[in-house]
Amino acid sequence: MLKLSKLEVVYHHVSTAIQGISFEVKEGNLFAIIGANGAGKTTTLRAISGFLGIDNAKITDGEIKFQGEKIGSLPPHKITRKGIVLVPERNKIFETLSTQENLVIFGGRTLSSKESVDRIYEYFPPLYERKDSLSGFLSGGERQMLAMGQALLCSPKLLLIDELSMGLAPLVINTLVKSLLQMKKDFGLTILVVEQNAVVALNIADYAAVMESGRIVFDGSPEKLLSHEDVREFYLGIRDDKEKTYRDVKQYRRSRRWWG
Ligand SMILES: Nc1ncnc2c1ncn2[C@@H]1O[C@H](COP(=O)(O)OP(=O)(O)OP(=O)(O)O)[C@@H](O)[C@H]1O
Ligand SMILES: [Mg+2]
């Protein structure tokens, strides 16, 4: 459904953030990209959704195809109309409007029916409780639910999510993940999610990739990534080598003695 080939993105004509990445997202799949701060996850999503210009960035090489059609040079509104919808990082909602108004703005423009807004409340019941509250007063989890609800009202075929779980408590993440997977099933959505939280990402993905310094360094099924030593050590914090752990602990104790 989505294919990136040797994509390169440069900020301000000088700084290369994406260094020739290629990957493919299959229809109906949830593809997850994990990576540390500054790896290039957000930039990748901005490139796909057409929002590079706002940050003075440009695609300098490679291409992006959606359902066989090149979309790399299209403006954001045309990309959204094709069915690619972005839930941005630290989601941007209209804080001075109520929850309901935030949804109606999107629903009114695209599906223009009360049922579609009510459907959002079925996926995210906590939003119904807060439907008349100013959205500026919503909790982090509720804001993420609202942003995902808004995205759903734009009738996405491909949903791009920038950091689903950032700053949220495990219980809230669970609720969000459940709703997301239900939405995926009900609407046949294809989803590309980028995450720093590898545990969440690898639990929900059909396929996953690891991004470092603007490159995809490793990809495969979640099982394959979960059994990869570097992924386990750097993204899940699991050390398999007991000898190494023992050496590290001894070194740590020695340094503690040194520092008194
Ligand atoms: N507006 C910008 N102007 C210049 N450079 C930028 C801009 N936004 C991002 N970058 C640079 O591009 C690179 C990739 O950043 P990006 O935000 O895509 O990473 P990320 O993986 O989303 O990180 P995080 O996990 O912190 O959100 C970084 O080196 C960053 O400094
Ligand atoms: Mg980011």
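The values are calculated or read from the model by the stated rules, or taken from the named source; none is laboratory data. Bear in mind the structure is a predicted one, so any value in this text is a computation, not a measurement. When we count neighbours, we look across all protein chains shown, and the Cβ atoms used for this are built from the backbone with ideal geometry, even at glycine. Note: areas computed on protein heavy atoms with side chains; ligands, DNA, RNA excluded. Shrake-Rupley method; radii C 1.70, N 1.55, O 1.52, S 1.80 Å.
List, in order, the whole-Hz ³J(HN,Hα) value for each residue of the stretch 140-155 obtained from phi through the Karplus relation with A = 6.51, B = -1.76, C = 1.60 and θ = phi - 60°; use x for Gly and Pro.
Each residue of the stretch 140-155 in turn: x, x, 5, 4, 5, 4, 4, 4, 5, x, 4, 4, 5, 6, 8, 6 Hz.
With every protein chain kept in place and ligands, DNA and RNA left out, what is the accessible area per residue of the chain? Probe 1.4 Å, answer in Å². Kindly include the intermediate steps, with their values, before the conclusion.
Numbers: 13960 Å² over 260 residues.
The answer is 54 Å² per residue.
If the viscosity is 1.567 mPa s and the temperature 4 °C, what translational diffusion coefficient in µm²/s does Stokes-Einstein give for the stretch 1-113 when Rh comes from Kirkwood over Cα pairs?
Details: Rh = 15.5 Å.
It comes out at roughly 84 µm²/s.
Need one number: nm distance between label points at GLN196 and PHE218, each 7 Å from Cα along Cα→Cβ, rounded to one decimal.
2.0 nm
Counting Lys +1, Arg +1, Asp -1, Glu -1, what net charge surrounds VAL194 among other residues with beta carbon under 9 Å of its beta carbon?
Values: positive: LYS41; negative: GLU89, ASP162, GLU163, GLU195.
Net of charged neighbours comes to -3.
Write down the Å³ per residue value for the convex hull defined by the alpha carbon atoms of the stretch 163-246. Don't skip to the answer; put the middle values down first.
Values: hull volume 9.8 nm³, N = 84.
Hull volume normalised by residue count: 117 Å³.
For GLU212, list long-range residues whose amide hydrogen, built 1.01 Å from N in the peptide plane, is under 5 Å from its own amide hydrogen.
VAL217
Report, by chain and number, residues whose modeled amide H sits under 5 Å from the one on GLY72, excluding near sequence neighbours (fewer than 5 apart, same chain).
Under 5 Å from the amide H of GLY72: ILE64.
Relative to the compact-globule scaling 2.2 N^0.38 Å, provide the ratio for the alpha-carbon radius of gyration of the stretch 48-193. The partial results should precede the final answer.
Values: Rg = 15.5 Å, N = 146, 2.2 N^0.38 = 14.6 Å.
Ratio of Cα Rg to 2.2 N^0.38 Å: 1.06.
Please go through the residue pairs LYS58/LYS131; LYS92/LYS178; LYS58/LYS178; LYS41/LYS178; LYS41/LYS92 and name each one whose alpha carbons sit more than 27 Å apart in this structure. Kindly include the intermediate steps, with their values, before the conclusion.
Numbers: LYS58/LYS131 39 Å; LYS92/LYS178 22 Å; LYS58/LYS178 36 Å; LYS41/LYS178 23 Å; LYS41/LYS92 18 Å.
Over 27 Å apart, Cα to Cα: LYS58/LYS131; LYS58/LYS178.
Would you please give the residues with an amide H less than 5 Å from that of ILE161, counting only those at least 5 places away or on a separate chain, with H modeled from the backbone geometry?
Those qualifying (amide H under 5 Å, at least 5 residues apart or on another chain) are VAL87, LEU192, VAL193, VAL194.
Quick one: 3J(HN,Hα) in Hz for the stretch 179-195, Karplus 6.51/-1.76/1.60 with θ = phi - 60°, rounded, Gly and Pro as x.
Each residue's phi maps through the Karplus curve to give 5, 4, 5, 5, 4, 4, 5, 5, 9, x, 6, 9, 10, 10, 10, 10, 8 Hz.
Go through the stretch 69-86 residue by residue and turn each phi into a ³J(HN,Hα) via Karplus (6.51, -1.76, 1.60, θ = phi - 60°); whole Hz please, and just put x for glycine and proline.
Residue by residue, the stretch 69-86 yields 10, 5, 10, x, 9, 7, x, x, 5, 6, 5, 4, 4, 6, x, 9, 10, 9 Hz.
Averaging the inverse of every distinct alpha carbon separation and then flipping it gives the Kirkwood radius. What is it for the chain, in angstrom units? Provide the component values of the computation, followed by the final result.
Details: mean 1/r = 0.0509 Å⁻¹.
Kirkwood radius, the chain: 19.7 Å.
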